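**Student:** I have a structure here, written as structure tokens, and I will follow up with some questions on it.
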Amino acid sequence: MKIMFLISVILILLLQLCNAQLDLPILPTLPGDILDEGRQNQNNTSHSSENGDLPILSTLTRNILKRLNDRENQNNEPHSSGNNGGGALRVRRLIGGVVASESEFPYQVSLRYYDVHICSGVLINDRYVLSAAHCICNLIDEPSEELNVLIGSVDYKKGEIHTVKSVKCHPDYVYGADSSWVADLAVIMLAEKVHLSSHVKPISLATYNTTFGERAIISGWGRTRLLSWLSQYLQKLSVSIIDNKACQKYYKDITILSSQICTLERKNVGACKGDSGSPLVYNNKLIGIFSWTKSCAIGFPDVFTRISYFTDFITQAMLDLDQSNEAIVNKQNNQVK
């Protein structure tokens, strides 16, 4: 069993390496990304066990590897002919960023599955979080007791854990189809309200389109280099917002949508594996959720879901989830009576 797991990891890591060498868009999260987390979390001390063996992640491995292998059988370039973008758990990190200070990004959360960081998320009030749909939708069976968020710390090994109650995926997001990169947004309802403080504070949503040429901030726990571990400490990076027409010139076979926003910095500066779902912030407003990019910081724009385009969906999703939860609570109370 252990040997088969190792073989699976090696084979899919080879796919990842080939992807980097061929300069293709980022693939969905590979077992190596999850394995990195397992190594870091094992005994809370090192990247590997005492005898150097790879950790066996039991249920996590079985659940996620199956889904990842299914998605690896699909093409992975969004929107382009013959390539449908695949799906979820794309782990990405900031290359060229610096470590954030405590309470600098009190709205940032780590979305976790079986206590493994899979994506970032953004706290928008005391009970709701936004993230990328590809991190959860049609990948993780929800509601799942193993799906939760960590809030209140730049260190993803610290902070408060809150269980996810329910998830509302945008109806236009379709896993495994040409529209996989469209409406890459999910609204996450927590089981309980969080206690707000200087370390835990929601961010307001932008209701307007940000002018290109302005600089914004992205923060995330992704990798600092293509073949590095995920960052234990939250990173931040200042990036320039570019016009969608300029963004389109870089992606000739991929349609850049009005519901997306692009940022671009010099080579070796940008998003990488581990940053999916990370917030893009301008003037203390959430303007974007990181969705996808081409490889890691190779001089191509990073593409975000534009929040101002989806404010109606976000508002309605929270209302629907509130009503659904209230109905469940009322039913439970009636059964008790």
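Every read-out reported here was derived from the displayed coordinates using simple, explicitly stated rules and does not represent laboratory data. Only a predicted model underlies this, so the values are computations on that prediction, with no experimental measurement involved. All Cβ positions, glycine included, derive from the backbone under ideal geometry; neighbour counts span all protein chains shown.
**Student:** Given labels modelled 7 Å from the Cα in the Cβ direction, how far is it in nm from Ala327 to Lys252?
**Tutor:** 5.1
**Student:** Right, another one. If each of Thr163 and Ser198 carries a label point 7 Å out from its Cα toward its Cβ, how far apart are those two points in nm?
**Tutor:** 3.2
**Student:** A further question follows. At a 10 Å Cβ-Cβ cut-off, how would you order Thr293, Thr315, fewest neighbours first?
**Tutor:** Working: Thr293 25, Thr315 12.
Final ranking by Cβ density, sparse to dense: Thr315, Thr293.
**Student:** Among 273-282, 248-257, what's the highest-first ranking by average C-beta atoms within 10 angstrom per residue? List each step's numbers first, then the result.
**Tutor:** Numbers: 273-282: 28.8, 248-257: 15.1.
Ranked from most to least packed, the peptides come out as 273-282, 248-257.
**Student:** Separate question: Can you tell me which of 302-311, 156-165, 129-138 comes out highest on packing, and rank the rest after it, using the mean Cβ neighbours within 10 Å? Write out the running numbers ahead of the final one.
**Tutor:** Values: 302-311: 23.5, 156-165: 17.3, 129-138: 26.4.
The packing order, highest mean first, is 129-138, 302-311, 156-165.
**Student:** Here is a follow-up. Which whole-percent values make up P(r) of the stretch 257-299 when all C-alpha to C-alpha distances are grouped in 5 Å steps starting at zero?
**Tutor:** In order of increasing distance, the bins hold 6, 21, 29, 26, 15, 3 percent.
**Student:** Towards the positive end of the charge dipole of the stretch 98-312, with charges on Cβ (+1 Lys, Arg; -1 Asp, Glu), say which of Met189, Leu205, Val281 has the farthest Cα.
**Tutor:** Farthest towards the positive pole: Val281.
**Student:** Mind giving me the FRET efficiency for Asp115 and Asn209? R0 is 56 Å, r the Cβ-Cβ distance, nearest 0.05 is fine. Spell out each step's value before the answer.
**Tutor:** Details: r = 38 Å, r/R0 = 0.68.
Computed FRET efficiency for Asp115 and Asn209 comes out at 0.90.
**Student:** Also, quick follow-up: Please list 3J(HN,Hα) in residue order for the stretch 281-293, calculated via the Karplus relation 6.51 cos²θ - 1.76 cosθ + 1.60 where θ = phi - 60°; whole Hz, with x for glycine and proline.
**Tutor:** Listing the rounded values in order: 10, 9, 6, 6, 10, 7, 10, x, 10, 4, 10, 7, 7 Hz.
**Student:** Here's something else I'd like to know. Set the Förster distance to 25 Å, then compute FRET efficiency between Glu104 and Ala191 from the Cβ-Cβ distance, nearest 0.05. Can you show the working numbers first?
**Tutor:** Details: r = 27 Å, r/R0 = 1.07.
That gives a FRET efficiency of 0.40.
**Student:** Could you give me the ³J(HN,Hα) list for the stretch 251-258, computed from phi with Karplus coefficients 6.51, -1.76, 1.60 and θ = phi - 60°, whole Hz, x at Gly and Pro?
**Tutor:** 10, 5, 9, 10, 7, 8, 8, 5
**Student:** Provide the net charge surrounding Leu190, with neighbours chosen by a C-beta distance below 9 Å and charges set as Lys +1, Arg +1, Asp -1, Glu -1.
**Tutor:** On the way: positive: Arg127, Lys165, Lys193; negative: Asp126, Glu192.
For residues surrounding Leu190, the net value is +1.
**Student:** Still on this structure, please answer the following. Treat every Asp and Glu Cβ in the stretch 98-312 as -1 and every Lys and Arg Cβ as +1, leave all other atoms uncharged, and give the resulting dipole magnitude about the Cα centre to the nearest 20 debye.
**Tutor:** Details: 21 positive and 21 negative charges, 138 e Å.
Dipole magnitude for the stretch 98-312 comes out near 660 debye.
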